[in-house]
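The structure under discussion appears below in the form of structure tokens.
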Amino acid sequence: MFNKAKKLLTGLAFFALTANAHADEITIGGKNFTEQQLLSSITEQLLQAKGFEVSNRAGMGTAAVRAAMENGQIDVYWEYTGTSLINFNKVKEKLSAEETYSRVKELDAKKGIVWLNASKANNTYALAMRAAKSKETGISTLSDLAKSVNGNEGLTLGCNAEFYARADGLKPLQKAYGFKFSRSDVKRMDSGLVYQALRDAQVDVGLVFATDGRIPAFDFVVLKDDKGYFPAYALAPVVRTEVLEANPSLAGLLNEVSAKLDDKIMASLNAQVDVEKVSIENVAKKFLKDNGFI
């Protein structure tokens, strides 16, 4: 009788441990544009399929999501190496893609944040023009753009408010290339609206993200960063150290997703949402199914 009771208690204890393996809810963060919302949904659906309790807080600003992670309100999200290097760690020296990743991994570890494996997707900022306008003006590089702006040719720029103000944004870009848009020629708007404004010729130059599927769909030309101003913005999952220690399987799961991402894949996923108008949840689910994650 005693042995039976002991076995029963052992079994119940094992069941309790198994049931509580993912007892703490994982809070997923994300920024307020398509690529980030897709990655948040991919992470949410993957972790749910693996038995985690999750909540999704996508749609935050860059500074807000980082602050939320440092404050313990966000457990995991996808970040860009260049953003952490410049905006969060205030490193101004020019580094290679590999050096950038190593540096932010080292610096953020001191803040309780673990960088998992970087993907091959590099969602760097870029300036783009309509192909016809680029051909008409002969502008194909940022140096060409600087000459045109300095020549008072009346070009207008569309960008979001964050890029206008951030440490790796418009002002230092203009300083690096030696030009300056007049205040009236800069139209600040939501990131998604920039693409529409550029497509509809409401602005001449627009801020874009290199992995955005609307670039080829809308026949835009990305102006070459011929002075190498923009740093690498490799995309990678970041996790709070204590959360990863409590849930070590997160590393393998998220690293597998990261290994499947590159510029072409991200542009395709983004285009399905922004051009083909498929829901974020359905695009995320299809990606997970197509790659055997769920």
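Summary of values
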| read-out | value |
| --- | --- |
| Residue in region 185-205 that is closer than 21 Å to LYS227 by Cα and among the basic types (Lys, Arg) present | no |
| When residues of region 85-104 are limited to those that are out of contact with any Lys or Arg (no Cβ under 8 Å at 6 or more places or on another chain) and over 18 Å from GLY228 (Cα atoms), the one surrounded by the most Cβ atoms within 10 Å (Cβ to Cβ) | VAL104 |
| Search result, residues across region 50-74 that are at pLDDT below 95 and in a loop (DSSP other than H, G, I, E, B) | GLY61 |
| Leading residue by the ranking (surrounded by the most Cβ atoms within 10 Å (Cβ to Cβ)) among those in region 38-59 that are in contact with a strand residue (DSSP E or B) (Cβ under 6 Å, 6 or more places away or on another chain) and more than 16 Å from LEU254 (Cα to Cα) | ALA58 |
| Subset tally (residues that are over 15 Å from the mean Cα position of the chain (by Cα) and modelled with pLDDT of 95 or more) for region 228-258 | 16 |
| Criterion: in a helix (DSSP H, G or I), under 17 Å from GLU79 (Cα atoms) and not assigned by TED's automatic domain parsing to the domain that holds ILE265 - qualifying residue of GLU136, GLU162, GLU106 | GLU162 |
| For TYR195: the one exception among (1) assigned to a loop (DSSP other than H, G, I, E, B); (2) surrounded by 20 or more Cβ atoms within 10 Å (Cβ to Cβ); (3) out of contact with any Leu (no Cβ under 7 Å at 6 or more places or on another chain); (4) of a type outside the set (A, V, I, L, M) | (1) |
| Only listed residue being at pLDDT below 95, in the same structural domain as PRO237 (by TED's automatic domain parsing) and at negative phi, chosen from LEU12, LEU47 | LEU12 |
| Residues that are among the charged types (D, E, K, R), touching a residue at least 24 places away in the same chain (Cβ under 8 Å) and crowded, with 17+ Cβ neighbours inside 10 Å, drawn from region 105-130 | ASP108, ARG130 |
| All helices (runs of 4 or more DSSP H) inside region 201-290 with 3 or more residues being in contact (Cβ under 8 Å) with a residue 12 or more places away in the chain and buried (at least 18 other Cβ atoms within 10 Å of the Cβ) | 249-259, 263-274, 280-290 |
| Filtered residue count, region 164-179, keeping only those that are closer than 22 Å to ALA201 by Cα and either buried (at least 19 other Cβ atoms within 10 Å of the Cβ) or among the basic types (Lys, Arg) (or both) | 1 |
| Region 161-189 residues that are in contact (Cβ under 8 Å) with a residue 60 or more places away in the chain, paired with ones that are buried (at least 17 other Cβ atoms within 10 Å of the Cβ) (beta carbon under 6 Å, 6 or more apart) | ALA167/ILE86; ALA167/ASN87; ASP168/ILE86 |
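The values are calculated or read from the model by the stated rules, or taken from the named source; none is laboratory data. In this text, all values refer to a predicted model and were calculated from it rather than measured experimentally. For neighbour counting, all protein chains shown are included, and Cβ atoms are generated from backbone atoms with ideal geometry for every residue, glycine included.
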